[in-house]
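What follows is a set of notes on a single structure, which appears directly below.
The values are calculated or read from the model by the stated rules, or taken from the named source; none is laboratory data. Just so it is clear, the model here is predicted, and its values are computed rather than measured. A quick note on method: Cβ atoms are made from the backbone with ideal geometry, for glycine too, and the neighbour counts reach across all protein chains shown.
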Amino acid sequence: MAEQSTPPKAEHPGNYLWRNGQRIELEKEGDRFTLVIPDSKQVEQLHKMTGIQEIKSISRKQLRLKTSPEFLEGTMAALRSEPAFSGAIAHHAYHPKDSEGTIYYITDKIIVRFREETTPAEIDAILNTYHLTKLKHYDWLSNTYLVQVTSASGENPIKIANRLMQEVKIVSAEPSLINRFLPANLPGDELFGKQWNLQSVKAPKAWEMTRGDRSIVVAIIDDGFDLSHPDLQGNGKIVSPIDYADEDDYPFPEAGNFHGTPCAGIAIAEWNGVGIVGAAPDCAFMPVRFQFPNRGEDHRLIEIFKEVGDRSDVISCSWGPPPVDWPLSEALSATLDHVATAGGRRGKGCVICFAAGNYNAPINASQVENFRWLHPEAGEQRTTGRILNGFATHPQVISAAASTSFDQHAAYSNWGAEISVCAPSNNSHPTKPNRRLPGEPIWTIDNEPSGNGFSPNSRYTNQFGGTSSAAPLVAGIAALVLSANPELRAADVKEILQTTADKITDISPDIAGINRGVYGLNGRCDWFGFGKVNAARAVAEALRRRNSH
């Protein structure tokens, strides 16, 4: 074993963390903390403790406990000393200094990137110094490892990560945080005539050139899929199914899951003479189950995007963080770069589409004051300080906003300079979802009998929408583009979708009295990006490029 040395001391190492090159100053949450439990039976003992108001599972073997401020430190101290909770680890929760709404929940894991010239022996020596266990080497990233803090490390993961940052051989050390992701929907063939959104993006004209190809695989990462649905049937339709929630190959929804099946229908529902049809009906479908917010740790997301990106050509994600300060970790950001540039089944990059979100919020703002938004379970919330959606603002991602059947801004749709394109969806008030606003609903497939449905006793629904509907429509059109020209790189597909989009305009103010629907000299606007996707023009451009070579 390499000789151990004394770890260098960082100044106040627990008062900040690093996130993709950004130093974020921290303050402790006053009424909540996390607890890693080795034995599920210990949960029963938690319910007997004084001062604990709420216990919620946020990942495998990790709980969020809520207390009143006067009980916080005492409760954490008791859990650390009581024999009944032997092996349990309590960590504070944090928020960025002088902000409200953003909460960081830490795990016992850290993602560490060493300098390229660092030898394996030097890496092991540094990890031994801090009593860290090496769990995984991300071989697609330069000298990057997932490590685990042990009891011998002597400090929490934030402090250890910040001490690691003092090492000259280390480029970055970031705690693997637990992400809060919310689905980006607003619940509220014989049906093809009602699918106005496909007409709006000129899908029927695109189908005259291609209806997709089974060689192009669209992966949808969501909360489960009713794979018994007739519109998800067909020879070679379903490929490489995977369930990251149950760790098996059966990504069916469970009770409480409702979101994935409608997303799949919009992107790839089969052309079979019944029900509805998806944007790319002849493409293959890779169903990937990923529960909200369980299993949302940074290191799991890195693995999921790498594995899914190796097996698919297009990835659609109709979920994301709420309007809080959530930059991606450096390793996750680099993984998205890798997947989008060198991943995919063709090795030409995998197209990654993300829903922008449904809060009429900026996806990137350095400072907001008292921004109010609606959490689907907890009700009205407030964010102050910075708002950043690390997925929607990633430069390799196609971020999809929503427009209405009137080619106007959907009142809930998030906005910003990083929006790529928009796609038609329903319309609703962002803080009053039962308040109908002008616009037609979206028809798609529904869960029956698996999971929970939007429309009881029906395999179809018109109660789905949000940017959750916009993102898979964009993903389906991206799959049509690749079907027409499989030699395109993922960056080419993004560029084609943007340059062929329709420049819809909206001169009306939003519910806050502000208009962001006017295009600038660069050809984009904050509400619609480069415009509303046009499947026919995009496919025609893909064919033109194929025929010109």
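Against the definition (within 29 Å of PRO287 (Cβ to Cβ) and more than 17 Å from the chain's Cα centre (by Cα)), how does GLY379 come out, yes or no? Here the answer is no, as GLY379 does not meet what is asked.
Checked against the criteria, ILE111 counts as hydrophobic (A, V, I, L, M, F, W, C), modelled with pLDDT of 90 or more and surrounded by 14 or more Cβ atoms within 10 Å (Cβ to Cβ).
Please tell me if ASP98 is within 27 Å of the chain's Cα centre (by Cα) and either modelled with pLDDT under 85 or over 30 Å from SER142 (Cα atoms) (or both). Yes: the conditions hold for ASP98.
Checking region 311-318 against the condition returns no match, with no residue being farther than 24 Å from ILE266 by Cα, of a type outside the set (Asp, Glu) and modelled with pLDDT of 95 or more.
Exactly one residue among ILE216, ILE221 is farther than 30 Å from ILE106 by Cα, in the same structural domain as TRP415 (by TED's automatic domain parsing) and of a type in the set (A, V, I, L, M), and that residue is ILE216. What residue, among those in region 226-263 that are outside any loop (DSSP other than H, G, I, E, B), among the aliphatic types (A, V, I, L, M) and in contact with a Pro (Cβ under 7 Å, 6 or more places away or on another chain), is farthest from THR210 (Cα to Cα)? Of everything passing the filter in region 226-263, ILE242 is farthest from THR210 (Cα to Cα). In this structure, is PHE252 among the aromatic types (Phe, Trp, Tyr), assigned by TED's automatic domain parsing to the domain that holds SER469, in contact with a Ser or Thr (Cβ under 6 Å, 6 or more places away or on another chain) and within 27 Å of GLN498 (Cα to Cα)? Considered against the rule, which asks whether it is among the aromatic types (Phe, Trp, Tyr), assigned by TED's automatic domain parsing to the domain that holds SER469, in contact with a Ser or Thr (Cβ under 6 Å, 6 or more places away or on another chain) and within 27 Å of GLN498 (Cα to Cα), PHE252 comes out as no.
Restricting region 166-186 to residues that are closer than 29 Å to ILE37 by Cβ and of a type in the set (A, V, I, L, M), the residue that is nearest to the chain's Cα centre (by Cα) is LEU182. Just one of ARG23, ARG19 is surrounded by 18 or more Cβ atoms within 10 Å (Cβ to Cβ), at pLDDT 90 or above and of a type outside the set (Phe, Trp, Tyr); which is it? The conditions single out ARG19. Comparison of VAL201, VAL171, VAL239 shows that the only residue that is modelled with pLDDT of 95 or more, surrounded by fewer than 21 Cβ atoms within 10 Å (Cβ to Cβ) and outside the structural domain of TYR359 (by TED's automatic domain parsing) is VAL171. Candidates in region 316-339 are the residues that are under 24 Å from GLU487 (Cα atoms) and in contact with a Cys (Cβ under 6 Å, 6 or more places away or on another chain); of these, the one that is surrounded by the fewest Cβ atoms within 10 Å (Cβ to Cβ) is VAL339.
Restricting the first member to region 347-364 and to residues that are on the phi < 0 side of the Ramachandran plot, and the second to residues that are charged (D, E, K, R) and assigned to a loop (DSSP other than H, G, I, E, B), the beta-carbon pairs closer than 8 Å and six or more apart or on different chains are LYS348/GLU487; LYS348/ARG489; CYS350/ASP313; VAL351/ASP313; ILE363/GLU418; ASN364/GLU418.
Within region 270-310, if we keep just the residues that are within 16 Å of ASP213 (Cβ to Cβ) and touching a Ser or Thr at 6+ places or on another chain (Cβ under 9 Å), the residue that is surrounded by the fewest Cβ atoms within 10 Å (Cβ to Cβ) turns out to be ASP282.
Selection within region 521-549: residues that are at pLDDT 95 or above, small (Gly, Ala, Ser) and assigned to a loop (DSSP other than H, G, I, E, B). The member of this set that is surrounded by the fewest Cβ atoms within 10 Å (Cβ to Cβ) is GLY523. Does at least one position in region 283-292 carry a residue that is within 17 Å of ALA479 (Cβ to Cβ), among the small types (Gly, Ala, Ser), in contact with a Lys or Arg (Cβ under 6 Å, 6 or more places away or on another chain) and part of a strand (DSSP E or B)? Within region 283-292 (the criterion being within 17 Å of ALA479 (Cβ to Cβ), among the small types (Gly, Ala, Ser), in contact with a Lys or Arg (Cβ under 6 Å, 6 or more places away or on another chain) and part of a strand (DSSP E or B)), the answer is yes, since at least one residue qualifies. Screening region 446-481 for residues that are in contact with a Ser or Thr (Cβ under 8 Å, 6 or more places away or on another chain) and of a type in the set (D, E, K, R) and picking the one that is modelled with the lowest pLDDT gives GLU448.
Condition test on ALA471, is it surrounded by fewer than 23 Cβ atoms within 10 Å (Cβ to Cβ), assigned to a helix (DSSP H, G or I), aliphatic (A, V, I, L, M) and under 22 Å from the mean Cα position of the chain (by Cα)? Judged against the criteria, ALA471 is not a match.
Would you confirm whether or not region 362-370 contains a residue that is of a type in the set (Asp, Glu), over 19 Å from ALA267 (Cβ atoms) and not in a strand (DSSP E or B)? No, region 362-370 has no match at all. Among the residues examined, ALA355 qualifies as hydrophobic (A, V, I, L, M, F, W, C) and closer than 30 Å to ARG435 by Cα. Taken together, the residues in region 371-392 that are buried (at least 16 other Cβ atoms within 10 Å of the Cβ) and part of a loop (DSSP other than H, G, I, E, B) amount to 3. Taken together, the criteria exclude ASP124 from residues that are among the charged types (D, E, K, R), surrounded by fewer than 16 Cβ atoms within 10 Å (Cβ to Cβ), under 31 Å from the mean Cα position of the chain (by Cα) and not in a strand (DSSP E or B).
Among the residues of region 315-337, at least one is more than 20 Å from ALA535 (Cα to Cα), of a type in the set (Gly, Ala, Ser) and over 14 Å from the mean Cα position of the chain (by Cα). Surrounded by fewer than 19 Cβ atoms within 10 Å (Cβ to Cβ) and farther than 25 Å from GLN498 by Cα, is that true of SER458? So SER458 fits the description; yes.
Here THR393 qualifies as over 21 Å from ASP226 (Cβ atoms) and modelled with pLDDT of 95 or more.
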